[in-house]
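Since every read-out is calculated from the coordinates, none of them should be taken as a lab result. Quantities reported herein were computed from a predicted structural model and do not represent experimental measurements. FYI the Cβ positions are ideal-geometry reconstructions off the backbone, even for glycines, and counts take in every protein chain you see.
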Amino acid sequence: MVNPVGRRHPLAHGHRRFVLLCLAVAVPAAAAPPSLRDGDVIFHTSRSAQSAAIQRATHSRYSHMGLILHRQGQPYVFEAVATVRFTPLAQWIARGTGGHYVVKRWREADARLDAAGTARLRSAAQALAGKPYDLTFEWSDARIYCSELVWKAYERAFGLRLGETQRLAEFDLSDPIVAAKLRERYGTRLPLQEPVISPQAILDSPELVPVDEH
């Protein structure tokens, strides 16, 4: 809208503002992230080289997991990857297949994860910070894998077993992808009696209740 001397009519600016406002109202806002709490347990499907073997051995969609712990008011995932470390939540989610994840919470979180309980859990988890990733899934603290980190944090803080450990022999080791990964890691000497805790065993724990899935 232009006036006779070539200057833009003053109503044009107001019209554009009105149109932009209408567009802003018409476009729905992005969904807010779920309200996560310290101690929540998050699962996804990793894109790592061992993910398919873990999925097939445990008959599970999920191959990686971690513990939600906040830092300076922002949610992080405390996880075992190359080392046990904090990863920003958005970065952790983006690493998973399709951005899909599931969050579960201890059913007694309201009563037990108060300030003191959360501090106890955080202390138990962070005692393992910096440990290298355990490629052979041993039960010692020398090296740590993802589900072992979460299981030991809760067990040491509260005596709570999130799922039951299994012997390596109890998993499906006959699948060709699993067998190839086992040969790569162990050669011909498999530690079949080694206790292992899988992401699926923790996911299935009756001590956890669903919080969010995306």
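In whole Hz and in residue order, list the ³J(HN,Hα) couplings for the stretch 179-185 that follow from phi through the Karplus curve 6.51 cos²θ - 1.76 cosθ + 1.60, θ = phi - 60°; x for Gly and Pro.
Computed from phi, the couplings for the stretch 179-185 are 4, 5, 5, 5, 4, 4, 7 Hz.
Given axes a ≥ b ≥ c from the Cα gyration tensor, I'd like to know whether the stretch 107-176 is rounded (a/c under 1.5), prolate (a/b larger than b/c) or oblate. Display every interim value, and only then the final one.
Working: a/c = 3.32, a/b = 1.70, b/c = 1.96.
Taking the square roots of the gyration eigenvalues as a ≥ b ≥ c, the stretch 107-176 is oblate.
For the stretch 41-213, what is the charge dipole size about the Cα centre, in debye to the nearest 20, if Lys and Arg each add +1 at the Cβ and Asp and Glu each add -1 at the Cβ? Could the numbers behind the result be given before it?
Values: 22 positive and 19 negative charges, 89 e Å.
Using Cβ point charges on Lys, Arg, Asp and Glu, the stretch 41-213 gives about 420 debye.
Among residues other than Glu194 whose Cβ falls under 14 Å from its Cβ, what is the net charge (Lys/Arg +1, Asp/Glu -1)?
Values: positive: Arg143, Arg167, Arg185, Arg189; negative: Asp134, Glu138, Glu148, Glu170.
With Lys, Arg at +1 and Asp, Glu at -1, the neighbours total 0.
Any idea how far the Cα center of the stretch 84-104 sits from the one of the stretch 160-214, in Å?
Going from one Cα centre to the other spans 20 Å.
Report the extension gain between Ala179 and Glu207 in nm, rounded to one decimal, defined as 0.36 nm multiplied by the number of residues separating them, less their alpha carbon distance. If you can, show how the numbers build up before the last one.
Numbers: separation 28, 0.36 × 28 = 10.08 nm, distance 3.21 nm.
Result for the pair: 6.9 nm of gain on full extension.
If you take the charge dipole of the stretch 41-213 about its Cα centre, with +1 on Lys and Arg Cβ and -1 on Asp and Glu Cβ, which of Ala119, Leu173, Leu162 is farthest toward its positive end?
Towards the positive end, the residue furthest out is Ala119.
Can you put Phe43, Phe171 in order, fewest other beta carbons within 10 Å first? Write out the running numbers ahead of the final one.
Values: Phe43 26, Phe171 22.
The order, fewest Cβ neighbours first, is Phe171, Phe43.
Below 8 Å, C-alpha to C-alpha, sequence gap of six or more: please give me the relative contact order for the stretch 41-213 in percent.
After rounding, I find 28 percent.
Excluding Arg143 itself, what net charge comes from residues whose Cβ is under 10 Å from its Cβ, given Lys and Arg +1 and Asp and Glu -1? Please report the intermediate quantities before stating the final value.
Values: positive: Lys131; negative: Asp134, Glu138, Asp141, Glu148.
Summing Lys and Arg as +1 and Asp and Glu as -1 gives -3.
Give, as a single signed number, the net charge of other residues whose beta carbon lies under 9 Å from the beta carbon of Val178, with Lys and Arg counted +1 and Asp and Glu -1.
Working: positive: Arg56, Lys181; negative: Asp172, Asp175.
Counting the neighbours of Val178, the net charge comes to 0.
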